[in-house]
Structure formats: structure tokens, C-alpha cells
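Contents: one structure, followed by commentary.
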Amino acid sequence: MSVDGAGTEQVNGIADEPGWDVDPDDESGVAVVAAVGRQIKAWREAAGLRAGEFGALIGYGEDLVYKVEGGRRIPRPEFLDKVDEICGAGGKIAAMKADVAAVRYPKKVRDLANLENRAAEMGMYSNHNIHGLLQTPDYARALFEMRRPSYSHDEVERVLAARMARQTIFERSPAPALSFVQEEVTLRRPIGGRMVLRRQLERLLEIGQLRNVEIQVMPTDREDHAGMAGVIEVLKFEDGTAVGRSDGAFAGRPVSDLKRLRILELRYGMIRAQALTPRESLAFIEQLLGET
């Protein structure tokens, strides 16, 4: 057993990576991981294997086997594949990968991702940093690492993986209509350093070319600005329902009643009208990239 420079424990060359710990406050996640662990233990015992022997066969340490079986560690997909093979489960263990993957990320992030995956249309205004759906891994990591009170290394890896997983929204078919408005300052602030910012601006230009995506920039010198109350997000669904949230309205809580949604939609519509057009915005971002 060895420890690499990132503090990651390794057994037989297989890393016990951070970000796979169970969140004790996530009741549904705890239940799923515990159930999977019981199944793995039952199959191991039915095969007549002790935990140490079992770990040696699948390439993991005995301690990690006990953690997984005890519901204290989320098993990686490769772990489940190997367990299935060694125990001759005929795919019954490997089939649990989808359930396990669904609970790897924090519950509030899973809930948000579920809403985003259902949305047919999304409008988002960001004023302090690049919106999470648009962030590169390096930019997102820099944001998480500067959080106070600080995230642990495991927590950074967990929330980073969750944020990146949400970006599959750009691969959806049919594609949702996505609208982003970014404050100019978010495009100039060198979160993570100049090279991280450059890659982030390049990512914005890349995403901005997608036919279902519109990115707009709100210039700092605008005299009229409907977004001074803070972040706004409005998600609309195929069934005609919607949900919205704003830092500066309704105590920052999500709302779904028509009266409150109309207020958020009005503000967001005005923000879009006051910002640069999508074509002007991409040209502006390209100009900033050249200056960075």
C-alpha cells in the first residue's frame, strides 16, 4: 500500500479515490449504498471468500472491502464489475452501477440536475462568476478551493465531479433552449489564474456556437440594469410548468406559482434586452481572450 502526492491511498495499483464517501445527511443515498453493500457481502460469503482473499482477487484492500460492504464507501463501477465476475453473479452486481452512480453526488446537486434534465428551456443570469453549466473543470476547481470555510480534498472532488456531470445537458436530444447572461466582470476576473481564465473564455466561445445556446454579456457600463438584485434562474418544462429562483426575490427560495414566476421572467427578459446581443457577446468574449 502506498500514498501518492495527493494523499490518495492505493492498493495493488487501484486508487481509493476521494469523492466516493457517503454523505451521512443524504438518507436516500445512504440507503442505496447500504443495500448494495449488503448484496456484495452476501455474494462474497456465498462464494466462501474472506474479505482479505476477496480484496486480493479484485485488486482492492481488505479495509476498502469492509467499507463498501458496511455502506460507508460508494463502490466504483470497476469494483462492481470485478465483484460480479469473481462471485459469478451473472450481471446482478454490475447492474447496480446505475443506482450507485445516481447517489455519488450530493442530494441537492442531484435534485438540481434532475430539474435541468427535465427542462425544455432555461434562462440564467450570473453576476459573480461563470455559471456552473459553462465552467471548465479548472475554473470550477478554483472556485471550490477558495470556498470558506474550506472544503476538504474529498469534498472538492465530490462537488467538482457533480458539477461536471451536469454538463451532459449540452449532449441532450432533443436539445433544450439555453440562455445565459454573464456580467462582464465574470469574464475578466482571473479565477484560478490567467491560463485558467483563457481556457474558460475559449470554452464559452465553443459553447456559444451551439445552435440551442445563447450567451450574452451585460457590460459594466450599462446605466440601466434589471439584475441588480442578483442571480436569476428560470427553468421551463414540457408540461407547461416552471420553476425559478433569484437571490434577491422571495428569500432566494425556488418558486413555481405563476405570479412569482412572472416577476422573475420580467426581470430576466429585461436583463437580456439590456445586455449585448449573442453575436455581439461572442465578439466581445473573443476580444477579451485576445487581451488575456
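Selection of the range 207-247 for residues being farther than 26 Å from Asp257 by Cβ and of a type in the set (Ser, Thr, Tyr) yields only Thr220. Cβ separations smaller than 6 Å between residues 6+ apart or across chains give the following pairs from the range 194-214 residues that are open to solvent by 60 Å² or more (accessible area, probe 1.4 Å) to residues that are not polar (S, T, N, Q): Glu214/Pro278. The range 55-128 holds helices (runs of 4 or more DSSP H) entirely within its bounds, and those carrying 1 or more residues that are more than 27 Å from the chain's Cα centre (by Cα) and of a type outside the set (D, E, K, R) map to 62-69, 77-87. Find the residue count for the range 240-249, including only residues that are outside any strand (DSSP E or B) and under 25 Å from the mean Cα position of the chain (by Cα). Residues flagged as outside any strand (DSSP E or B) and under 25 Å from the mean Cα position of the chain (by Cα) within the range 240-249 amount to 3. I'd like to check something: does the range 117-137 contain any residue that is more than 25 Å from Met228 (Cβ to Cβ), of a type in the set (Asp, Glu) and in contact (Cβ under 8 Å) with a residue 60 or more places away in the chain? No: the range 117-137 contains no residue that is more than 25 Å from Met228 (Cβ to Cβ), of a type in the set (Asp, Glu) and in contact (Cβ under 8 Å) with a residue 60 or more places away in the chain. The residues of the range 234-264 that are open to solvent by 40 Å² or more (accessible area, probe 1.4 Å) and touching a residue at least 40 places away in the same chain (Cβ under 8 Å), listed by number, are Lys236, Glu238.
Quick grid of which residues meet (1) open to solvent by less than 30 Å² (accessible area, probe 1.4 Å); (2) under 21 Å from Ser246 (Cα atoms); (3) of a type in the set (Ser, Thr, Tyr); (4) more than 10 Å from the chain's Cα centre (by Cα):
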residue: Thr136; (1), (2), (3), (4): yes, no, yes, yes
residue: Tyr139; (1), (2), (3), (4): yes, no, yes, yes
residue: Met146; (1), (2), (3), (4): no, no, no, yes
residue: Val159; (1), (2), (3), (4): yes, no, no, no
residue: Phe170; (1), (2), (3), (4): no, no, no, yes
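State whether the residues of the range 272-290 include one that is surrounded by 14 or more Cβ atoms within 10 Å (Cβ to Cβ) and within 21 Å of Leu115 (Cα to Cα). Checking the range 272-290: not a single residue is surrounded by 14 or more Cβ atoms within 10 Å (Cβ to Cβ) and within 21 Å of Leu115 (Cα to Cα).
You will find that of Glu155, Glu69, Glu121, Glu116, the residue that is open to solvent by 70 Å² or more (accessible area, probe 1.4 Å) and at pLDDT 90 or above is Glu121 and no other.
For (1) surrounded by fewer than 18 Cβ atoms within 10 Å (Cβ to Cβ); (2) at pLDDT below 90; (3) out of contact with any Leu (no Cβ under 7 Å at 6 or more places or on another chain), each residue gets a yes or a no:
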position: Ala56; (1), (2), (3): yes, no, yes
position: Ile86; (1), (2), (3): yes, no, no
position: Ala89; (1), (2), (3): no, no, yes
position: Lys107; (1), (2), (3): yes, yes, yes
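Given the structure, is Ala175 more than 17 Å from the chain's Cα centre (by Cα), surrounded by 14 or more Cβ atoms within 10 Å (Cβ to Cβ) and either more than 21 Å from Asp25 (Cβ to Cβ) or among the small types (Gly, Ala, Ser) (or both)?
Working: more than 17 Å from the chain's Cα centre (by Cα): yes; surrounded by 14 or more Cβ atoms within 10 Å (Cβ to Cβ): yes; either more than 21 Å from Asp25 (Cβ to Cβ) or among the small types (Gly, Ala, Ser) (or both): yes.
Criteria met by Ala175.
The values are calculated or read from the model by the stated rules, or taken from the named source; none is laboratory data. Values in this document were obtained by computation on a predicted structure and should not be read as measured data. Glycine also receives a Cβ, built like all others from the backbone with ideal geometry; neighbour counts cover every protein chain displayed. The accessibility values were calculated without ligands, DNA or RNA, using every heavy atom of the protein model including side chains. Shrake-Rupley method; radii C 1.70, N 1.55, O 1.52, S 1.80 Å.
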